[in-house]
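Read the structure below first, then the notes.
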Amino acid sequence: MRDVDEEARLSALHSYGVLDAPRPKALDELTELGVSVFDTTMSTVTLVDRDRQWFAGKTGLAADETPRAISFCAETIPTRRTLVVCDARADAHFRDYPNVTGDPYIRFYAGAPLIDDDGHVLGTFCVKDDRPGDLGPRRQEALETLARQATGHLSLMRSRLMLAELGDELARATQREEDLVATISHELRTPVTAIQGYLELLAEDERLAGYTRLVEPIYRNGRRLVGMVDHLLTGTRPADAPLLLHRSPVELHMVLTAAVQAGSALAEPRGVEVVVEPPTGACVVSVDIARLTQAVQQLVRNAILFTPAGGKVTVRAVHAPNPAVEVSDTGVGIPPDELPYVFQRFFRGRHARRQAVPGVGLGLHIAQEAAAAHGGRITLSSAGAGTTARLSLP
């Protein structure tokens, strides 16, 4: 069991990324403080490795490491308590150590353990002198405070290291995702587009008029497949690629009407009523009509898909305090714990999975990107049943 504990301790120690690295200035400064406070010639932040001790911070010592076999600090690992040696020459355990009989001629030693948040003893914060000495309760408390400070600095360094590694991994994962999407899109879209072309030729051939009923559903589903690939490409556009807009003035009510018309084919077979409230006045906005219509269409589509038969979706244009489109439904709603994630790529909530709602989890992400490109944003509110999506424009 002790060997297992030691392996876990060593694994934790190495996770800090401090061994064999340049000494952090903060730890060197703590040892300078230790020398000043305790009036000693030496102070170190010592990390105890398998066969050595590494000085992550030091004052008054030339070496960066020494063997664990002659380490005072290693003695604190099993005890987890502060170790004080008043005169190493008079101590039966330490008097024959080479660092006692020779340079740096340690006589006085006091070391408080560095215990991290997981309970592992990483080493010690210690002070040493070539003269005998003593610590006393108040000075021991000060030493243990410095040890906690050193442990805090080490924890902060590990957190930064882990964040950097996480950032690198996320970047690699994003690149892999984009490469995969690009490959799939190319390998899928190219042959489907060719099939569509040949189907158009077949549909125009009078000799094959009798097979029209067979060609038409193949062509229709091919178009659907091309649309899905385009949807995938739009939703996985690299974050650093700007969304180009071609703005022109348009009445906001016309945009939402066009979006609703595009979604009507989805609503009718599901038994969902879609209502467009009449405009309360003119509201002209300068937008990319295609992009904004696509964004509103995504909101309407989502509302239809998550509203049971007999339900209702209401779409309205809002003029004040700023132009906006609101899409409200009487559907299943969004669980509160999922609201922070609904705009993430490929996110599909519990209702989508349980009810096998079609889609790959890109609709809201695409809509939010279109809104952001216009200087606006989409917000969702849901309290139990029903959801309201609001696309606001500047």
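To make sure I understand the rule: partners must be lysines, Cα under 29 Å from the Cα of residue 58, and not fewer than 8 residues away in the same chain. Which ones qualify? Answer for residue 58, where 29 Å is the Cα cut-off: 25, 128, listed by chain and number. Shape index of the range 1-84: Rg/Rh, with Rg the Cα radius of gyration and Rh the Kirkwood radius from the inverse mean 1/r over Cα pairs, equals 0.97. Considering helices alone, the calculated mean residue ellipticity of the chain at 222 nm is -15500 deg cm²/dmol, with DSSP H runs of length four and up weighted by -39500 (n - 2.57) and normalised per residue. Local charge for residue 161 was computed over the other residues whose Cβ lies under 13 Å away, with Lys and Arg +1 and Asp and Glu -1, and equals -1.
Once you reduce the range 272-295 and the range 1-76 to the center of their Cα atoms, the two points are 66 Å from each other.
Considering all different alpha carbon pairs of the range 248-392, the Kirkwood hydrodynamic radius works out to 15.2 Å.
When only Cα pairs below 8 angstrom with a gap of at least 6 residues are kept, the chain shows a relative contact order of 10 percent.
Site pair residue 62 and residue 91 shows an inter-label distance of 2.4 nm when each label is modelled 7 Å from Cα along Cα→Cβ.
When the chain is described by a simple charge dipole with +1 on each Lys and Arg Cβ and -1 on each Asp and Glu Cβ, the residue from 35, 147, 307 located farthest towards its positive end is 307.
Remark: the chain is approximated by an ellipsoid whose semi-axes, taken from the C-alpha gyration tensor as √(5λ), come to 71, 25, 18 Å, largest first.
Using a cut-off of 13 Å between beta-carbons, work out the net charge of the residues near residue 351 (Lys and Arg +1, Asp and Glu -1, residue 351 not included). Counting the neighbours of residue 351, the net charge comes to +1.
Across all directions of projection, what mean area in square nanometres is found for the Cα convex hull of the range 2-164? Before the final figure, lay out the partial values.
Working: hull surface 35.6 nm².
Over all viewing directions, the range 2-164 projects a mean Cα-hull area of 8.9 nm².
Near residue 138, within a Cβ-to-Cβ distance under 15 Å, what is the net charge of the other residues, with Lys and Arg +1 and Asp and Glu -1? So the surrounding residues net to -3.
Summing Cβ point charges (Lys, Arg +1; Asp, Glu -1) relative to the Cα centre of the chain gives a dipole of roughly 1080 debye.
What is the extension gain from residue 202 to residue 381, computed as 0.36 nm multiplied by their sequence separation minus the C-alpha to C-alpha distance, in nm to one decimal?
Length difference between fully extended and current span is 59.5 nm.
The distance between label points at residue 225 and residue 372 comes to 3.2 nm (points 7 Å beyond Cα on the Cα→Cβ vector). In this label model, residue 284 and residue 351 are separated by 3.8 nm, measuring between points 7 Å along each Cα→Cβ vector.
Every number here is computed from the coordinates shown, using simple stated rules; none is lab data. This is a predicted model, so every value here is computed, not measured. Reconstructed Cβ throughout: ideal geometry from the backbone, glycine too, with neighbour counts over all protein chains shown.
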